[in-house]
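**Student:** Below is one structure. I have some questions about it.
The values are calculated or read from the model by the stated rules, or taken from the named source; none is laboratory data. Please read all numbers here as calculations on a predicted model, not as lab measurements. No Cβ is skipped: glycine too gets one built from the backbone with ideal geometry, and neighbour counts run over all protein chains shown.
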Amino acid sequence: MALFRRRKRVAAVSRDRTADRADLDHLENFVRTRKGVEAYLEPRTTVTETTVILIADDGEWTRRRVGSPEDARRWAHKTAIPIYDVRLMGYPQRMRDYNERRKRRPELF
């Protein structure tokens, strides 16, 4: 009788793609072309893999996927930029200010 059979649980699968070399190339280019860049590690969610958001001195930012938190930390160390956990530190005010400037004057960006 099939009433008491147990179903196998399937792990949650992210609908997002994984990180690739193009993501790292983009991050490296951002670091090379901006001043005062800091990295903020964003945790994996049910929708997205682990991501890193880079925030420049003026608040300009970019976000890309990374393989794991350890990969992000190794990459930041190799690139010689500080990395923070966004769950502990939050986002810096300069990023919010930058977003507000973009919202008010989109033609400048």
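**Student:** Of all residues in segment 7-39, how many are of a type outside the set (V, I, T), in a loop (DSSP other than H, G, I, E, B) and modelled with pLDDT of 65 or more?
**Tutor:** 6
**Student:** Could you say which residue among T62, T48, T79 is β-branched (V, I, T) and at pLDDT below 95?
**Tutor:** Of the residues listed, the single one that is β-branched (V, I, T) and at pLDDT below 95 is T48.
**Student:** To continue, here is another question. Quick check: is even one residue across segment 93-106 closer than 21 Å to T18 by Cα and either assigned to a loop (DSSP other than H, G, I, E, B) or modelled with pLDDT of 95 or more (or both)?
**Tutor:** no
**Student:** Answer yes or no as to whether Y84 is within 25 Å of T18 (Cα to Cα), surrounded by 18 or more Cβ atoms within 10 Å (Cβ to Cβ) and aromatic (F, W, Y). Give the steps one after another, and end with the answer.
**Tutor:** Numbers: within 25 Å of T18 (Cα to Cα): yes; surrounded by 18 or more Cβ atoms within 10 Å (Cβ to Cβ): no; aromatic (F, W, Y): yes.
No; evaluated as a whole, the condition is false for this residue.
**Student:** Against the conditions (1) outside any loop (DSSP other than H, G, I, E, B); (2) modelled with pLDDT under 95; (3) not hydroxyl-bearing (S, T, Y), where does L3 fall short? Just the number, please.
**Tutor:** Every condition holds for L3 apart from (1).
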